[in-house]
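What follows is a single structure, written as structure tokens, with notes after it.
The values are calculated or read from the model by the stated rules, or taken from the named source; none is laboratory data. These figures come from a predicted structure and were not determined experimentally. Methodologically, a virtual Cβ is constructed for each residue, glycine included, from the backbone with ideal geometry; neighbour enumeration extends over all protein chains shown. Heads up: the accessible areas ignore ligands, DNA and RNA and are worked out on the full protein's heavy atoms, side chains in. Shrake-Rupley method; radii C 1.70, N 1.55, O 1.52, S 1.80 Å.
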Amino acid sequence: MSAEYATFGLAPAMRAGGVLANGDYQVHRDFVDFIVDGRPLLYQLSDLDAVSPLASDVPPAIFTAQVRSLLLEAEAPLDDGRYVIYGCPECEGIECGAVTAVIEKDDSCDDYVWRDFAWQTGEHADLELNGYHGIGPFRFQGAEYRSALNSLLLGDPGARRRVLLIGARVAVLAKLAAALRSIGIGADITRDATDVPAEELRGYGAVAFGRAIGEQERAAVRRSFERAGVEVAHVDGLAPIVPLLVAQIEHALDRSPHELRRLTRLVAADGEAGIEVTSTCRVQITAYRLDRLYRTHTQEVFDGILEAGRHRITLDAKAVKGESFLVARTSGSVLVEAMVH
């Protein structure tokens, strides 16, 4: 087997959920991504909306089985010794399409090799038609490969995907909680976290405050989490706009290392958006605006493929006048900023 040596690692990753500009819902998925030569393998597969089989929301027995499979301790799930590397974030069927590869062990030198990457939608992969000809093969040292995967079996793969919502506008909080639950994020509403048991507080990954919550109340909530020994992300709600607040919470729940994210910068000022991406990908920017009567206006102001680097995008002046906000998203990242005039 001829393949160049590559480093193998794992890192938390996210398929960003949200309430989209057209009203559709996109499911939130936490998963563990494969880091090859210091870079997420997913980013090398063009702009693909997919997750690895190491997802945190699958039952523990299935998660363990997926790890054992990648360690070649079980038969390959697909013909020709092929394994699913990335699949549809919405379902488990290969009919939606999946990135598959042959995984082999070279017993002569204790190496693992991933080769013949392909996009597969049926029983067999057509390498000539649907192969990723510029990807791999990768040769991983056995000790490094096994150590990374076995480490997943020593801890809890689940993420804290619950959010505590604290605000004065009950109707907005109820809509926000419903939207979060629709995309797979648990949400609870309270006005006072003082009497919440510590074991319950440890289940939250973020706490979101409405604009009407004063600093004294916020400080009391922070102290409650500190007493429980919980490091939790704090979200200061920008406006009573449910899709905007969902995007803020999505960003707060992102556990992936910043240096491995695809969307790393968003600046919103004087009718322009400044965007930085680390690899070529599709970027969507949605503007949310509150008029003088506090009615919400939503407009998709950009949807296109951006190459790695920094970009300046001129926006529709009407979409971002007055009190307005931008949400920029890729398949795995979300950033939110208030427009500065």
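Among the residues of the range 73-87, which ones are open to solvent by less than 30 Å² (accessible area, probe 1.4 Å) and closer than 21 Å to G332 by Cβ?
Residues satisfying the conditions are I85, Y86, G87.
Failed condition for A98, given (1) open to solvent by 10 Å² or more (accessible area, probe 1.4 Å); (2) closer than 29 Å to L129 by Cβ; (3) more than 14 Å from the chain's Cα centre (by Cα), with all others met?
(1)
Could you please let me know if L180 is within 23 Å of the chain's Cα centre (by Cα), under 28 Å from G97 (Cα atoms) and either in the same structural domain as A206 (by the TED database) or not in a strand (DSSP E or B) (or both)?
Yes, satisfied.
What's the number of the condition V51 fails, among (1) surrounded by fewer than 15 Cβ atoms within 10 Å (Cβ to Cβ); (2) at pLDDT 90 or above?
The failed condition is (1).
Sort out for me the strands (runs of 3 or more DSSP E) sitting completely within the range 37-138 that have 1 or more residues that are among the polar types (S, T, N, Q).
Hits in the range 37-138: 98-106, 111-120.
Would you confirm whether any residue within the range 234-256 is surrounded by fewer than 19 Cβ atoms within 10 Å (Cβ to Cβ), in a strand (DSSP E or B) and not assigned by the TED database to the domain that holds S56?
yes
Exactly one of these conditions fails for A219: (1) open to solvent by 10 Å² or more (accessible area, probe 1.4 Å); (2) touching a His at 6+ places or on another chain (Cβ under 7 Å). Give me its number.
Going through (1) open to solvent by 10 Å² or more (accessible area, probe 1.4 Å); (2) touching a His at 6+ places or on another chain (Cβ under 7 Å) one by one, A219 breaks only (2).
With the checklist (1) at pLDDT below 90; (2) open to solvent by 20 Å² or more (accessible area, probe 1.4 Å); (3) not in a loop (DSSP other than H, G, I, E, B) in hand, flag the one item S224 doesn't pass.
Result: S224 fails condition (2) only.
K105 versus (1) closer than 25 Å to G38 by Cβ; (2) open to solvent by 10 Å² or more (accessible area, probe 1.4 Å); (3) touching a residue at least 24 places away in the same chain (Cβ under 8 Å); (4) out of contact with any Phe, Trp or Tyr (no Cβ under 6 Å at 6 or more places or on another chain): which is the lone unmet condition?
(4)
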